[in-house]
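Visitor: Structure incoming, see below.
The values are calculated or read from the model by the stated rules, or taken from the named source; none is laboratory data. Just so you know, these numbers come straight off a predicted model, no measurement behind them. Neighbour counts are summed over all protein chains in view; Cβ atoms, including those assigned to glycine, are modelled from backbone coordinates with ideal geometry. Just so you know, the surface numbers come from the protein's heavy atoms only, side chains and all, with ligands and any DNA or RNA stripped out. Shrake-Rupley method; radii C 1.70, N 1.55, O 1.52, S 1.80 Å.
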Amino acid sequence: MEASLRTYSLTPLLLALLAACTAPAAQGLPPPPIHANGQVLWHIVHDQCVPAQQQKGQPAPCVEVSLGAGLDRGYAVLKDRDGAEQYLVMPTMDVTGIEDARLLAPDAPNYFADAWRAQSYVDARIGKSMPRQDMAVSVNSPYGRSQDLLHLHVDCLSQRSMETLAADLPGIGRRWSRAPFTFEGHPYYAIRLDGETPPVDPFHVLADGMPGAAKDMAAWTLVLAGAIFEDGKPGFVLLAGRADPVDGNFASGEELQDHGCAVAHRS
């Protein structure tokens, strides 16, 4: 499961059905599955964390609620119940997921930047500052998630994904790769982003640079992986994978992360 879902074991069926009915089908793909309990994270953020922050200055059960720019631009950070170190970063407004058109507004908040900063919570649990190339932020497609509130997974990359990325790094440039690379048996296109923190919004990088993606966002998953390039500059590799449910690919970039964070405990 993707969060503290025991807090709400059941949600109104009507809300789940409405969310499923209004979720756009990606071009050439079947409609996304119904997420029967897809409002759980929204209830946690909207009904618990935000009121707790506003009324008491303590955002429990979240560890952080940022409202300095207002509810429409705020975000919450929640410890996921899956994994010892994994955290989720979510908007404090009801953005459903990668397919939500509001993410492509010119002034949309950069939730990936917020999520990358939330790596500090992962570091605190591990007990040391993790190298950037060990860390990643992922967003799953509607085909590969269970919740209908945008949530970014902040956790370690898997050892296998790190090794694959290190081998592929010399071939990744500042434009989307023409051919995909293979991670966990699935194709992912890649692009290099420079900077200590995400310099541009990855949702916009996908929509603006990948042909057809702007009208097909529901088909995609994104993984923002930290990197140190051969020229010594820090940055990121942004990976984008497109769903192919018939072939068993549900565009769940979270598959590249290790919620056991084995890289943090290697000798």
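Visitor: Just grab the label-to-label distance for His259 and Glu196, each label 7 Å out from Cα along the Cβ direction, in nm (one decimal).
Guide: 3.2 nm
Visitor: Per residue, how much accessible surface does the chain expose to a 1.4 Å probe? Answer in Å², no decimals. Mind showing how you got there, number by number?
Guide: Numbers: 11590 Å² over 267 residues.
For the chain, the per-residue accessible area is 43 Å².
Visitor: Continuing with the same structure: Using a 7 Å offset from the Cα along the Cα-to-Cβ direction at both Arg81 and Asp123, what is the distance between the two label points in nm, to one decimal?
Guide: 2.9 nm
Visitor: Hey, another quick one. How much of the accessible area of the chain, probe 1.4 Å, is carbon plus sulfur, in whole percent? Walk me through the numbers before you get to the answer.
Guide: Working: 6260 of 11590 Å².
Carbon-and-sulfur percentage of accessible area, whole number: 54.
Visitor: Give me the tail of P(r) for the chain as a percent: Cα-Cα pairs with distance above 29 Å.
Guide: Numbers: 9415 of 35511 pairs.
Considering the chain, 27 percent of its Cα-Cα pairs are separated by more than 29 Å.
Visitor: I want to make sure I understand the PRE zone here: with the label point 7 angstrom from the Cα of Lys56 toward its beta carbon, which residues in the stretch 66-82 have backbone N atoms less than 17 Å away?
Guide: Output list for this probe position: 66, 77-79.
Visitor: Rounded to the nearest 500, what is the chain's calculated 222 nm mean residue ellipticity when only DSSP H runs of at least 4 contribute -39500 (n - 2.57) each, over all residues?
Guide: Working: 7 runs with 54 residues, N = 267.
Value at 222 nm, helices only: -5500 deg cm²/dmol.
Visitor: Hey, if you put +1 on the Cβ of every Lys and Arg and -1 on every Asp and Glu Cβ in the chain, which of Phe229, Ala243, Asn140 ends up farthest toward the positive end of that dipole?
Guide: After comparing all options, I get Phe229.
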